[in-house]
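Please treat every number below as a calculation from the coordinates, not as lab data. Keep in mind the model is a prediction, meaning the values are calculated, not measured. Cβ placement follows ideal geometry from the backbone for every residue including glycine, while neighbour counts extend to all protein chains displayed.
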Amino acid sequence: MQYRIRNGDQLIATVSNKQYQVTGLTPNTTYNLSVASFNGFRESQRASLTVKTRGIRVIIPEALKTGNEITLIYQEYSLGSVPLGSEPIGLGGGDKVTVPARVIETANNQSTVEITSTFNRISDQQMMKRQTDGTCVLAERYKSLYYKAGDSSD
């Protein structure tokens, strides 16, 4: 017996065992998954499940009000991450993107925020670091995500 797994009408896998891990999912995206047994000739009726992935989460070292919407800024640097505002002339942040987020939890003077778009250019569950100017920054190689109090409705 085989099992056919679909996202909507798109076949994503045919497996012989009763376990399958869907990979390559996008944050904040709804998937309409289904599975049907297949005996080599016919397929059974599909069992369906609709799921939505959560957004990427980031930890900010600051107590923010739970439930508030905030704005994060994403930028890339061609020579690697450097302190904001100190980029070499002509090499300022490329690909600057405004990233919406919501504060989902605050404890111990730090807040977990969840990005509310399909943004996926950084890793999940990373901690931002506070800079001397008060900006909180998460840097991954040439990628930077930052937050500064007062830049949004915190």
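Descriptive notes on the structure:
- Our coupling estimate for segment 18-23, obtained by passing each phi through the Karplus curve with A = 6.51, B = -1.76, C = 1.60 and θ = phi - 60°, is 9, 10, 7, 10, 6, 10 Hz, Gly and Pro reported as x.
- Nonlocal amide H pairs with residue 129, under 5 Å, H built at 1.01 Å: 137, 138
- log10 of Debye I(q)/I(0), alpha-carbon scatterers only, for the chain at 0.16 Å⁻¹: -0.86
- Cα centre as origin, Lys/Arg/Asp/Glu Cβ charges: the chain dipole, Debye: 660
- Placed amide H near residue 72: partners under 5 Å, 5+ positions off or other chain: 99, 101
- Vicinal HN-Hα couplings computed from phi for segment 10-16 (Karplus, 6.51 cos²θ - 1.76 cosθ + 1.60; Hz; Gly/Pro x): 8, 5, 10, 6, 10, 10, 9
- J(HN,Hα) series, segment 39-56, from Karplus relation 6.51 cos²θ - 1.76 cosθ + 1.60, nearest Hz, glycine and proline x: 9, x, 10, 9, 10, 6, 5, 7, 9, 10, 8, 9, 10, 10, 6, 8, x, 5
- Computed log₁₀ I(q)/I(0) - Debye formula, equal Cα scatterers, no solvent, segment 2-52, q 0.25, 0.26, 0.30 Å⁻¹: -0.99, -1.06, -1.30
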